[in-house]
Structure formats: structure tokens, C-alpha cells
Amino acid sequence: MQYLSSIEELEALYGEPGAPSLRKVARQMTPLYRKWIMASKLCMLATVGPEGTDDSPRGDDGPVVQELDPGTLALPDWRGNNRLDSLRNIVRDGRVSLMFLVPGSNNVVRVNGTARLTADPDVRGRFEKKGKLPATVIVISIGEIYSQCARAMLRAGTWSGADESTGLPTMGEILAEQTAGEEGGAGYDQSWNARAAETMW
């Protein structure tokens, strides 16, 4: 298999980008980008660090981020599995990308920028849920915001409403496979929903 080794080879295969794909970029929140992002309860957070890259979903029951000012977003880090892959990356390399999704829309809004972590009580307090606070908050300085072409979502039929999960392995089965049966299994799957409900916020 041959691989491309230069930007010139790559660009020769695709041609020039259209004007709309370049002119849609904003450097901070605008009224319409704000409306779109504040409708999103789910985003994907991509980070990079010495060990490589990480991409993790971030969700909430309302807007997944808050706007601190037109150039700054705040994303709470609710406790999960404590691997801290994204957070470790941010501490060492602040480059981040966020991809905001809204069910039913085939458009996606992307934010690229730099991030830092804070455990400031006032900032954490902005996200209080049922008496609980996020452990930290990711503060993102916006470098650019732009909308993503809808073709990928259309190709995948993302919001068709079809349940395509039949036959997939459970997380308990995957864990058991990876640990030669020492962890996971049916008991893990049966208790997971209860554990998740207790630690949702």
C-alpha cells in the first residue's frame, strides 16, 4: 500500500475548498453559533498529549457548556471512571477540539481552542446539580468556531431512530474478555445502571 507523503499530493486529490467552508469560521461566539451550542447537550472532547490523542463524550441534561464570555466556554468534568485521560492531556497540552451535536440535526458545530483546568469553587458552583459539583471545570479559550458539513451524518442515518445495537457485546462481556474473566461479566452489566444512577452528578 502506498501512502501520501506531502500536502501537495493531498490537495491535488481534492481541489480548492469552497468559499462558504472558509467564510463560516468565527473567532468567538456569535448570536447564531451561541444559539446552536446552547441547544447541545452532547459534545465530543478531543485532546492530545505525550501518550497520544483522546476523544471522549461529554453530556448533560441541559447545555453541555456555559459561556463565560464570547471567547470562553466552560465544560464541567463530572466524575466518571477516574482514568482522567482527557484531563491529563489538557494539563500537559492545552489544545482541544469540541464537536457539538443536537439530536435531529445533521449539522455539527465545532470549536477548536486551548483549555485549562480549574477547581475554583465559584466556577464549579455554576454547575451545581442536586447538591453536587463537578470535580473540575475545563475552561476553553475559543480559537475558531465553525459548522461541519452534514454529509457524514446523512450517510450514517444518525437520527433515523433505528436501533442498530442488537447483537453488540455488552461492556461486561468486553471487560471479561480483556481480563480473562477476572472482571466484568453478566453481574457487572446487571449492576451498572444502578451504579451509574448513583454517580450521574
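The values are calculated or read from the model by the stated rules, or taken from the named source; none is laboratory data. This is a predicted model, so every value here is computed, not measured. Neighbour counts are summed over all protein chains in view; Cβ atoms, including those assigned to glycine, are modelled from backbone coordinates with ideal geometry. In case anyone asks, the SASA skips ligands and DNA or RNA and just uses the protein heavy atoms, side chains included. Shrake-Rupley method; radii C 1.70, N 1.55, O 1.52, S 1.80 Å.
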Item checked: In Hz, Karplus ³J(HN,Hα) per residue of segment 70-83 (6.51, -1.76, 1.60; θ = phi - 60°; x = Gly, Pro) -> x, x, 9, 10, 10, 10, x, 10, 6, 4, x, 8, 6, 5
Note to self: Pairs on different chains or at least eight residues apart, Cα atoms closer than 19 Å: how many lysine pairs in the chain fit?
What the structure shows: 4
Margin query: Can you compute the charge dipole magnitude of segment 51-131 about its Cα centre, using +1 on each Lys and Arg Cβ and -1 on each Asp and Glu Cβ, nothing else charged? Give it in debye, rounded to the nearest 20.
Written below: 120 debye
Check: Placing +1 at every Lys and Arg Cβ and -1 at every Asp and Glu Cβ, with all other atoms neutral, what dipole size does segment 162-201 have around its Cα centre, in debye to the nearest 20?
Finding: 140 debye
Check: Of Pro103, Pro76, Pro17, which has the largest mean-square fluctuation in a 10 Å C-alpha GNM of the chain?
Finding: Pro17
Next item on the list: Using only alpha carbon pairs under 8 Å that are at least six residues apart, calculate the relative contact order of segment 1-85 and give it in whole percent.
Entry: 21 percent
Checklist line | Highest-fluctuation residue, Thr136, Thr166, Thr53 considered, GNM on the chain with Cα pairs under 10 Å | finding: Thr166
Check: Could the peptides 106-113, 154-161 be put in order, highest first, of the mean number of other beta-carbon atoms found within 10 Å of their residues?
Finding: 106-113, 154-161
Margin query: Computing the accessible area with a 1.4 Å probe over protein heavy atoms, can you report the carbon and sulfur percentage for the chain?
Written below: 54 percent
Check: Which one of Asn82, Leu32, Asn193 has its Cα pushed farthest toward the positive end of the charge dipole of the chain, where Lys and Arg give +1 and Asp and Glu give -1 at the Cβ?
Finding: Leu32
Next item on the list: Would you pull out the residues with amide H under 5 Å of Trp201's amide H, same chain only if 5 or more places away, H placed 1.01 Å from N?
Entry: none
Check: In whole Å, what is the distance between the alpha-carbon centres of segment 124-201 and segment 1-67?
Finding: 20 Å
Next item on the list: Mind checking the per residue accessible area of the chain for me, 1.4 Å probe, whole number of Å²?
Entry: 66 Å²
Item checked: Computed [θ] at 222 nm, deg cm²/dmol, the chain (DSSP H ≥ 4; -39,500 (n - 2.57); rounded to nearest 500) -> -8000 deg cm²/dmol
